[in-house]
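The values are calculated or read from the model by the stated rules, or taken from the named source; none is laboratory data. All of these numbers come straight from a predicted model, not from anything done at the bench. Please note: Cβ atoms are built from the backbone with ideal geometry, for glycine as well, and neighbour counts cover all protein chains shown. Ligands, DNA and RNA are excluded from the accessible area calculation, which covers all protein heavy atoms including side chains. Shrake-Rupley method; radii C 1.70, N 1.55, O 1.52, S 1.80 Å.
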Amino acid sequence: MTTPAAPPPPPYPDRSPGRDGEQAPSAPVRTPGLGDAVASEWTKIRSVRSTVWTLGVMVLLLLGVGLLTAVAIRAADADLQDEPVLSLGFFGVLLGSICVITLGVLTIASEYGTGLIRTTLAVCPSRSRVLIAKSIVFFLLSFTVTTVTAGVVGVLQTAILDGGTPTAGEWLGATVGVGLYVALLGLLALALGAVVRHSAGAITIMIGVVLLPLVLAMFMFTDTLDSVRQVLFEYSIPSQLASLYDTPITLSGPSGWDSVLILTCVTAVAMGAALASQDRRDV
Amino acid sequence: MIELDGLTKRFGNKVAVDHLSFRVRPGMVTGFLGPNGAGKSTTMRMMLDLDNPTSGSVRIDGRHYHELQEPLKHIGALLDAKSMHGGRSAYNNLLCLAQSNRIPASRVSHVLDTVGLSAVAKKKSKGFSLGMGQRLGIAAALLGDPEILMFDEPVNGLDPEGIHWIRNLMKALAAEGRTIFVSSHLMSEMALTADHLIVIGQGRLLADTSMADFIHENSRSFVRVRSPEQERLRDLLHAAGIEAVASGEGALEIDGVAPERIGELAAEHRIVLHELSSQRASLEDAFMQMTAGSVEYHAHSERDGAQPPPVGPHWGDQWDGRTDPGSGSGDVTKGA
Ligand SMILES: Nc1ncnc2c1ncn2[C@@H]1O[C@H](COP(=O)(O)OP(=O)(O)OP(=O)(O)O)[C@@H](O)[C@H]1O
Ligand SMILES: [Mg+2]
């Protein structure tokens, strides 16, 4: 660390060029817009450790869990029994989605935690622009990382287990589909973070949303609750995610791309609520 | 130019800012003074459109804050030292602000240099000392080379050299014709920096005056005299038509009379003097008197006698005509 006793404060006089020409230093040619906000948010997200950590752990989980299962199955010479090879990636992705959720929440809620949000909004008074820019940057980043990693895992899995080659549809679901689903889940977390404004609180709620329905369903033993149990199973996030691998936990329920559509709608509603709540509140 | 018109903010049923109307003019440093909890920070947050006013409005050069396309180029603000992300480097903290207002990245290095943080530009701001954090916040305020600058307690945590630096910085910026609005709870600090003064207490405007007028009206000068024969001296002065007030430390205080006159009187009657001095009440006292009625968070000292200042007269009735000996004890300190 350099000494806190900062270098001798320079005298102020020299100002940036542009001040001399009395009239507006740089007459705005075009008004700043979403593009500038996106550039700013990109700088933010790439310059903090939490991005590297959450996405790094996610990549490791996807690779680690996905490859270990494949290697274990190969070593045991077990039979895949009709299970598509790519579905071995499922558990890694399920665990990895927690990382993306965390990053989604932190992207916005950490600004409330540190007080940075005041600086951000003073600099860009349009709160919806800030939220949308954050959403775009976060979504594209998490979608890309998840899709690419899922693709790499899939290729390695098929190489390790020389079972049947997956169809193009299976590939699409297991990469782009999974990428979309996980990134949407993260976006939902971001919207929640914008409303709750508290990192730990929002992360806890999101993990509850992901896991609770399935856990509840598992503990509903009475027959009278059977239909509830069925719905919880089918629409729980893990089963929807699994449906993208053509191995739904239950055979009924929404199929792969329906799951993406459902989550898109849910996220859109949450984002709408977050946008609507922004302007009325103090920061 | 910043114009406030009937600005009011209520938190539940607590009125934090109460119908504030004033203007902050260009070309000078305007000090914004008030005790803890007076509503200074809340007012500043409303100026930046961060808190929604309950009623009233703020105009920046005639426009609402949210109408400013690139706010950093109009108004730069330092709210509190911690409004940066600790995990980001100083450079990146500023870069993301610059980008959203289309300010060239070269400007980031420039302002870091201005505040003396170039050497730690790549360091995480988490490790910064309070003063370095404050400098980083000031750098952010300067980024867009704005015409209006707003600082909320900028000297907090700065060492004497840093205080000196920011004082000169504000004066230099004002001399360039910019509008400088700076909050503080230290009257003495403002006396050295501000040209104009706005005092609030419990959210209400208590004074809106030029610094020169404030000093003129509030720095009471008086003569302090100590003598072993205090009672005799007092009677003697009384006979000469001079009112002396016991200050409680075995001294008398006399308003409006030159020390020479008192010295001569004493000599004439052969009274021994142990002290004869001209005194000025500090501006800090004047400020405390003014806001005494509106201080919310009093500290209570363990010993008696060091009480917070007595509830003072309201703004307007000056205390140079003070004759009440009861309130005369202990609230006058030596000043420059
Ligand atoms: N978000 C809030 N919710 C409720 N009350 C608040 C809020 N913000 C401020 N207040 C109250 O409003 C009053 C004014 O607070 P403010 O922070 O503006 O004072 P200040 O003049 O900046 O004080 P200081 O000199 O200590 O910084 C205080 O009594 C505070 O408790
Ligand atoms: Mg304050």
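Can you pull the percent of the protein assembly as shown's accessible area that's carbon plus sulfur, 1.4 Å probe, other chains left in place?
Result for the protein assembly as shown: 60 percent of the exposed heavy-atom area is carbon or sulfur.
Any chance you could list P(r) for the stretch A:173-283, counting all Cα-Cα pairs in 5 angstrom bins from zero, rounded to whole %?
It works out to 2, 12, 18, 20, 18, 13, 9, 4, 2, 0, in whole percents.
Around B:F32, which amide H atoms from residues at least 5 apart in sequence, or from another chain, sit under 5 Å from its own amide H, with H modelled in the peptide plane?
Correct list: B:V182, B:S183, B:S184, B:I198.
Averaging over every viewing direction, what projected area does the convex hull of the Cα atoms of the protein assembly as shown cover, in nm²?
It is 38.1 nm².
Return the residues of the stretch B:138-153 for which accessible area with all protein chains present is lower than in the chain on its own by 10 Å² or more; set the probe to 1.4 Å and exclude ligands, DNA and RNA.
By number: B:L142, B:D145, B:E147.
Order B:I138, A:I203 by their accessible area, 1.4 angstrom probe, all chains in place, largest first.
The ordering from most to least exposed comes out as A:I203, B:I138.
Counting only the heavy atoms of the protein chains, how much of A:C265 is accessible to a 1.4 Å probe, in Å² to the nearest 10?
Result for A:C265: roughly 80 Å² accessible.
Starting from the 7 Å offset along Cα-to-Cβ, what nm value, one decimal, do you get for the label separation of A:D258 and A:Y235?
According to this spin-label approximation, the distance is 1.2 nm.
Diagonalise the Cα gyration tensor of the stretch A:34-280 and give the resulting equivalent ellipsoid semi-axes, square root of 5 times each eigenvalue, largest first, whole Å.
Equivalent-ellipsoid dimensions as semi-axes: 33, 22, 15 Å.
Rounded to the nearest 10 Å², what accessible area does B:F222 have for a 1.4 Å probe in the complete protein model?
10
Taking a 26 Å limit on the Cα-Cα distance, which of the listed pairs A:K44/B:K122; A:K134/B:K123; B:K40/B:K171; B:K14/B:K73; A:K44/B:K126 fall beyond it?
B:K14/B:K73
Working from Cα positions, state the angle (0 to 90°, nearest 10) between the long axis of helix B:230-239 and the longest principal axis of chain B.
80
How many angstrom lie between the C-alpha centres of the stretch B:81-149 and the stretch A:62-137?
31
Any idea of the total accessible area buried by the B-A contact, 1.4 Å probe, rounded to 100 Å²?
4400
So, with +1 on the Cβ of K and R and -1 on the Cβ of D and E, and no other charges, what is the size of the charge dipole of the protein assembly as shown about its Cα centre, to the nearest 20 debye?
In total the dipole reaches around 1060 debye.
Express in Å², to the nearest 10, the accessible area of B:M211 obtained by rolling a 1.4 Å probe over the protein heavy atoms while all chains stay in place.
Approximately 10 Å² for this residue.
Positive end of the charge dipole of the stretch A:34-280 (Lys, Arg +1 and Asp, Glu -1 on Cβ, about the Cα centre): tell me which of A:L275, A:L67, A:V100 has its Cα farthest that way.
Comparing the listed Cα positions along the dipole, A:L275 ranks first.
What is the Cα radius of gyration of chain B over 2.2 N^0.38 Å, N being its residue count?
It is 1.20.
Counting only heavy atoms of the protein chains, get the accessible area per residue of the stretch A:34-280 (1.4 Å probe) and round it to a whole Å² value.
Value returned for the stretch A:34-280: 43 Å² of accessible area per residue.
Using the Cα centre of chain B as origin and beta-carbon charges of +1 (Lys, Arg) and -1 (Asp, Glu), tell me which of B:I262, B:L169, B:G37 is placed farthest towards the positive end of the dipole.
Final value for the positive-end residue is B:L169.
Ordering B:E147, A:E111, B:E268, B:E231 by accessible area with a probe of 1.4 Å, largest first, what comes out?
The ordering from most to least exposed comes out as B:E268, B:E231, B:E147, A:E111.
Bin all alpha-carbon pair distances of the stretch A:91-195 at 5 Å intervals from 0 and give each bin's fraction as a whole percent.
P(r) for the stretch A:91-195, in whole percents per bin: 2, 12, 20, 19, 14, 10, 8, 6, 4, 3, 1, 0.
Does a label point 7 Å from the Cα of A:L212, set along Cα-to-beta-carbon, have any residues of the stretch A:150-186 with amide nitrogen under 18 Å, and which are they?
Correct set: A:185-186.
Taking beta carbons within 10 Å but only from partner chains, what does the mean come to for residues B:111-118?
3
Which value in deg cm²/dmol, rounded to the nearest 500, describes the helix-derived mean residue ellipticity at 222 nm for chain B, given -39,500 (n - 2.57) per DSSP H run of n ≥ 4 and division by the residue count?
The per-residue figure over chain B is -9000 deg cm²/dmol.
Which whole-Hz couplings ³J(HN,Hα) result when phi for each residue of the stretch B:183-195 is put into the Karplus expression 6.51 cos²θ - 1.76 cosθ + 1.60, θ = phi - 60°, listed in order with x for Gly and Pro?
Per residue, the Karplus-derived 3J(HN,Hα) values read 9, 6, 10, 9, 4, 4, 5, 5, 4, 8, 10, 7, 9 Hz.
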